[in-house]
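Read through the structure below, which is laid out as structure tokens, and then see the notes.
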Amino acid sequence: MTYFLLGVISPIILNLIHLLVGIYITKSRGNMYGVGFSAIGFISKTLGMVFLTWYGVSFVKLDFRIFVPLLAFFWFITHILEAFIINDYMNKNISKK
């Protein structure tokens, strides 16, 4: 259960929060601010992943051979989905003009 919570649910929630903020910024402020937030968000998501890795491996004592690939896989998949969704909102902003 701990592997599921920290390795699957945590990166999904992390990227979902980032996605919602990114959609809000892109819709309300425009594409340039949306791209800027995505660039800054890369740093915040990286720090989040480093924290989750440290917390899971050092603090909770999860097996890194299972936990790190699980965490990285779900982070990567949700990261790709986020990119396509934000791109769709940016394309909608272009077609409004």
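Read-outs throughout are calculated quantities, based only on the coordinates presented, and are distinct from any laboratory measurement. Everything numeric here is computed off the predicted structure, so don't read it as measured data. Ideal geometry is used to build each Cβ from the backbone, glycine not excepted, and the neighbour counts take in all protein chains shown.
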Point to revise | Rounded Å value of the spacing that divides the Cα centres of segment 66-97 and segment 1-30 | key: 10
Check your understanding: What are the ³J(HN,Hα) values, in whole Hz, obtained from phi via the Karplus relation 6.51 cos²θ - 1.76 cosθ + 1.60 with θ = phi - 60°, for each residue of segment 79-95 in sequence order, with x given for Gly and Pro?
Key -> 5, 5, 4, 4, 4, 5, 5, 5, 4, 4, 5, 5, 5, 5, 5, 5, 6
Study note, to complete from the structure: Length-normalised contact order of the chain, Cα under 8 Å, at least 6 apart, in percent, tallies to 47
Review point. At 222 nm, what helix-only mean residue ellipticity would the chain give, in deg cm²/dmol to the nearest 500, using -39500 (n - 2.57) for each DSSP H run of four or more?
Key: -28000 deg cm²/dmol
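Give, rounded to the nearest 20 debye, the magnitude of the charge dipole that the chain has about its Cα centre when Lys and Arg contribute +1 at Cβ and Asp and Glu contribute -1 at Cβ. Please report the intermediate quantities before stating the final value.
Working: 8 positive and 3 negative charges, 69 e Å.
Dipole magnitude for the chain comes out near 340 debye.
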**Study point:** Full-extension gain in nm, I12 to A39, via 0.36 nm per residue minus C-alpha separation
**Key:** 7.8 nm
